[in-house]
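Read through the structure below, which is laid out as structure tokens, and then see the notes.
The values are calculated or read from the model by the stated rules, or taken from the named source; none is laboratory data. Quantities reported herein were computed from a predicted structural model and do not represent experimental measurements. Every residue, glycine among them, receives a Cβ derived from its backbone with ideal geometry; neighbour counts consider all protein chains shown.
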Amino acid sequence: MERISYIQSNPNLDAVFGALSDPTRRAILARLSSGDASVNELAEPFAMSQPAISKHLKVLENAGLIDRAIDKQRRPARLKAAPMAEAVAWLEEFKRFWVGSFDQLDDLLEELKQGTPDE
């Protein structure tokens with residue numbers, strides 16, 4: 001098995017996973033996947049204030065998951081998917097581990113089904 005290094009290739013990975021850990025922020029990202037939106041538009045489906053949504057947006061912005069444009073008096077948020085792609089790439093390493101583990105389990109179960117020659 002390949003050794004896992006404790007040195008991260010992306011120092012922002014902790015911020016990305018931290019931002020993704022909150023269900024409200026994940027919902028905001030899902031909404032932004034269909035297009036830019038203002039704070040008011042993002043606050044509509046939630047039972048929280050506009051300042052609370054703004055705090056969530058700041059966390060997402062600090063993690064690099066969104067950026068905020070200035071359009072007259074409006075500051076629409078826009079999804080930036082590149083940091084999520086880096087998080088997915090990091091998770092893919094563990095997917096390979098689990099797939100390999102399941103393949104080994106399948107092999108073992110197949111051996112057990114066929115029985116051992118000593119029985």
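Counting only residues that are surrounded by fewer than 16 Cβ atoms within 10 Å (Cβ to Cβ) and either modelled with pLDDT of 85 or more or under 13 Å from the mean Cα position of the chain (by Cα) (or both), give me the helices (runs of 4 or more DSSP H) lying completely in the range 10-119 with at least 3 of them.
The qualifying helices (runs of 4 or more DSSP H) are 13-20, 23-32, 50-62, 82-114.
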Within the range 69-119, can you find the residues that are without any contact (Cβ under 8 Å) to a residue 12 or more places away in the chain and among the basic types (Lys, Arg)?
Lys72, Lys95, Arg96, Lys113
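Is it the case that some residue within the range 99-119 is touching a strand residue (DSSP E or B) at 6+ places or on another chain (Cβ under 6 Å) and either among the basic types (Lys, Arg) or more than 25 Å from Asn12 (Cα to Cα) (or both)? Even if it seems obvious, please write down each step before you answer.
Start the filter on the range 99-119 by keeping residues that are touching a strand residue (DSSP E or B) at 6+ places or on another chain (Cβ under 6 Å), which leaves none.
No, the range 99-119 contains no residue that is touching a strand residue (DSSP E or B) at 6+ places or on another chain (Cβ under 6 Å) and either among the basic types (Lys, Arg) or more than 25 Å from Asn12 (Cα to Cα) (or both).
Can you name every residue in the range 35-52 that is of a type in the set (Gly, Ala, Ser) and over 13 Å from Thr24 (Cα atoms)? Full working, then the answer.
At the first step, the residues of the range 35-52 found to be of a type in the set (Gly, Ala, Ser) are 35, 37-38, 43, 47, 49, 52.
The answer is Gly35, Ala37, Ser38.
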